[in-house]
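All remarks here apply to the structure that follows.
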Amino acid sequence: MMQAQEIMTKDIITISGSATIAEAVKLMKDKGLRALIVERRSDSDPYGIITETDIIYKVAAFGHDPKQMRVYEIMTKPCITVNPDLGVEYVARLFASTRIRRAPVVKGGLLGIISISDILNKSDFVEKPKSKFELYCEENPSALEARIYD
């Protein structure tokens, strides 16, 4: 079974809890991200996470000024983290049971982030859909096109 460390995104973008929501939104927009890991204040401090959903439901929905609100005011902390050795199937079950879409991968320190997109696009846990040609070849094994690839 594939492990979280095999499909996680290793290029992690973090933000300080004291940054403004406006700064977080700009960083997310510039980097094409839907979430940011919130930096720990010390080694014993748990990781936090801020997502697009947090910003929509906790800032925009109430008309708060994103230039005045701080990340620490709306982030999820502590957030659920994933061990890099955890099997992808278990990560998928964890996400489904806790209704989250992404989580930091942590062992000693921050190693990466894993998301539902990583599970769907990179793992062997989810069967890839077959092309119309592959389906045609399965349905018509004696067809010339199907025999070319034998």
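Read-outs: derived from the displayed coordinates by stated rules, not from any lab. All of these numbers come straight from a predicted model, not from anything done at the bench. Ideal geometry is used to build each Cβ from the backbone, glycine not excepted, and the neighbour counts take in all protein chains shown.
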Task: Value of relative contact order over the chain, rounded to a whole percent, pairs C-alpha under 8 Å and six or more apart - done: 28 percent
Open item on the list: Could you work out how much longer the chain between Asn83 and Ile116 gets when fully extended? Use 0.36 nm per residue separation minus the Cα distance between them, nm to one decimal.
Closed with: 10.3 nm
Open item on the list: Under 23 Å between alpha carbons, and skipping anything fewer than 8 positions from Lys10 in its own chain: which lysines qualify?
Closed with: Lys26, Lys29, Lys31, Lys77, Lys107, Lys122
TODO: Rounded to whole Hz and in sequence order, give me ³J(HN,Hα) for segment 95-104 from the Karplus expression 6.51 cos²θ - 1.76 cosθ + 1.60, θ = phi - 60°, writing x for Gly and Pro.
DONE: 4, 5, 6, 9, 6, 10, 10, 7, 7, x
Task: Fully extended contour minus Cα-Cα distance, from Lys29 to Arg70, at 0.36 nm per residue - done: 13.0 nm
- [ ] Could you check the simple spin-label distance between Asp11 and Ala60, using points 7 Å along Cα→Cβ, in nm with one decimal?
- [x] 2.5 nm
TODO: Starting from the Cα-Cα distance between Asp124 and Asn140, subtract it from 0.36 nm times their residue separation and give me the gain in nm to one decimal.
DONE: 3.1 nm
- [ ] Return the FRET efficiency for the residue pair Ser97, Ser42: r is the Cβ-Cβ distance, R0 is 25 Å, and the value is rounded to the nearest 0.05.
- [x] 0.25
